[in-house]
Each structure stands twice: as structure tokens, then as C-alpha cells.
Amino acid sequence: MDLTRYDKLRSAIRRTLSPDEAAAADRALEYAAEHTASQVRHDGSPMLDHAAEVARIGLEEIGLGGDSVVAAILHDVVRTASRQDEETFLRLTDEIRDRFGKEVLGMTVSLSHISDIRLKASREQAENFRELIVSYSEDPRVILIKLADRLHNARTFQFLPERKQRDKALETMEIYAPIAHRLGMSRIKWELED
């Protein structure tokens with residue numbers, strides 16, 4: 001698999017992480033590319049572009065480490081598999097555990113659970129949703145990856161249909177910006193609010 005499309009991420013990983021962590025990230029990119037090859041985003045870009053950008057944001061803008069970067073790269077693979085039959089999901093999660101470890105698997109499954117929450121953000125429900133998201137995140141890195149995920153999604157809202165843009169913007173403002181604020185991530189909070 002040609003990973004040159006992700007050289008910016010790979011260079012940042014090699015500058016920041018250990019050689020073993022960089023090798024794991026490369027393996028994760030190859031694995032994710034194989035499992036998302038036919039999937040595209042609203043703008044027509046490969047699904048893996050999103051995961052790679054979430055990993056880059058996590059690494060360079062939030063300061064996440066090796067396992068978190070690998071989990072960010074793999075998060076859409078697990079999310080997509082969770083919507084298929086149970087056998088496919090279990091086979092894939094076994095593979096991820098064997099190839100990348102229990103911690104990475106745990107983070108990706110938690111991220112999948114958060115993605116499955118159907119948020120209908122209103123001011124009254126926002127606190128309940130924030131608490132639910134936090135409860136799915138026994139590992140605090142999951143929340144940080146989810147913030148990176150939402151930040152990249154927010155940066156690409158313009159490719160969504162107008163109604164979905166408004167819904168996602170409200171959800172971002174009511175749910176994710178306050179989480180960033182509580183974590184002391186002012187720059188990310190401000191960008192999410194904007």
C-alpha cells in the first residue's frame with residue numbers, strides 16, 4: 001500500500017515518537033487503508049484522510065502519544081465494523097488486539113461507542129450527553145482523540161449538507177466545546193466555538 005499520501009503525518013510521527021511507535025503507526029495506516037479502501041467522505045476524499053488528520057491533530061496539536069495515534073488511525077475501521085454483523089466486528093477487534101494491543105483496542109471501541117450516541121443537542125440535554133461521553137471513556141485519551149476527531153470534522157463542515165452543518169455545529173458548540181474548556185484546551189475550545 002502506497003502511504004505517501006500520509007507523509008506529513010508519518011514525518012510528524014517519526015519526529016515525535018519512538019521508532020517502535022512509528023512502526024506501529026505505519027502498520028495501522030496500512031491496516032486502515034486496507035479496511036477503508038472503498039469508503040469516502042462527503043468531500044470525496046478517502047476515509048483514511050480523516051483518520052490520518054485526526055491522528056496528526058492528536059499528535060501535533062494535543063500532544064498524544066503512540067497508542068493514541070494508532071487508535072486515532074484505526075477509529076473509523078472499528079466504527080464501521082461495529083455497524084456490521086457481530087462476527088465481522090469480533091474478528092476485526094481480535095485482529096486489532098493481536099496486532100496493536102489491548103489499550104489501542106480499548107480506545108477504538110470506546111470511540112466507536114461515543115460515535116454511536118445519537119446526540120440531539122439541546123441546552124437541557126447537553127450536560128447529560130457530555131457526562132455520557134465521559135462515561136464511555138475510562139481512558140482519558142479517548143476524550144482527547146474524540147476532540148481531535150470533532151475538530152477535524154468541524155474544519156470540514158462545509159462539505160456537509162446545510163441542515164447537517166447546522167446540527168453538527170450546534171452539537172459541537174453544546175457538547176464538545178465545553179468538554180475542551182473543562183480540560184483546559186482553550187485554543188481547541190475557541191476553534192470549536194468558531
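A compact table of results
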{"read-out": "The chain: angle of helix 47-56 to the longest principal axis, Cα-based, in degrees nearest 10", "value": "80 degrees"}
{"read-out": "Listed pairs Lys8/Lys146; Lys8/Lys189; Lys8/Lys164; Lys102/Lys164 exceeding 28 Å between Cα atoms", "value": "Lys8/Lys164; Lys102/Lys164"}
{"read-out": "From the coordinates shown, percent of Cα pairs over 21 Å apart corresponds to which of [x] 57; [y] 49; [z] 67", "value": "[y]"}
{"read-out": "Helix 102-116 vs. the chain, principal-axis angle (Cα, 0 to 90°, nearest 10)", "value": "40 degrees"}
{"read-out": "Over the chain, relative contact order from alpha-carbon pairs under 8 Å, at least 6 apart, %", "value": "18 percent"}
{"read-out": "Accessible area of the chain divided out per residue, in Å², using a probe of 1.4 angstrom", "value": "51 Å²"}
{"read-out": "Residues listed by number, region 1-44, amide nitrogen under 12 Å from Gln84 label point at 7 Å toward C-beta", "value": "34-39"}
{"read-out": "Residue among Leu29, Leu111, Gly44 farthest towards the positive dipole end of the chain, charges placed on Cβ", "value": "Gly44"}
{"read-out": "Top positive-direction residue, dipole computed over region 136-176 with Cβ charges, set Phe157, Leu144, Thr172", "value": "Phe157"}
{"read-out": "Angle between the chain longest axis and helix 162-171 axis [Cα atoms, degrees, rounded to 10]", "value": "90 degrees"}
{"read-out": "Additional length obtainable on full extension of the chain from Ser18 to Ser38, 0.36 nm per residue less Cα span", "value": "4.1 nm"}
{"read-out": "Extension gain from Met173 to Asp98, taking 0.36 nm per residue of separation minus the Cα-Cα distance", "value": "23.2 nm"}
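The values are calculated or read from the model by the stated rules, or taken from the named source; none is laboratory data. Please read these numbers as outputs of a predicted model, since none were measured by experiment. Note that each Cβ is placed from the backbone with ideal geometry, even for glycine, and that neighbours are counted across all protein chains shown. Each accessible area value is taken on the protein alone, full model and side chains, heavy atoms only, with ligands, DNA and RNA left out. Shrake-Rupley method; radii C 1.70, N 1.55, O 1.52, S 1.80 Å.
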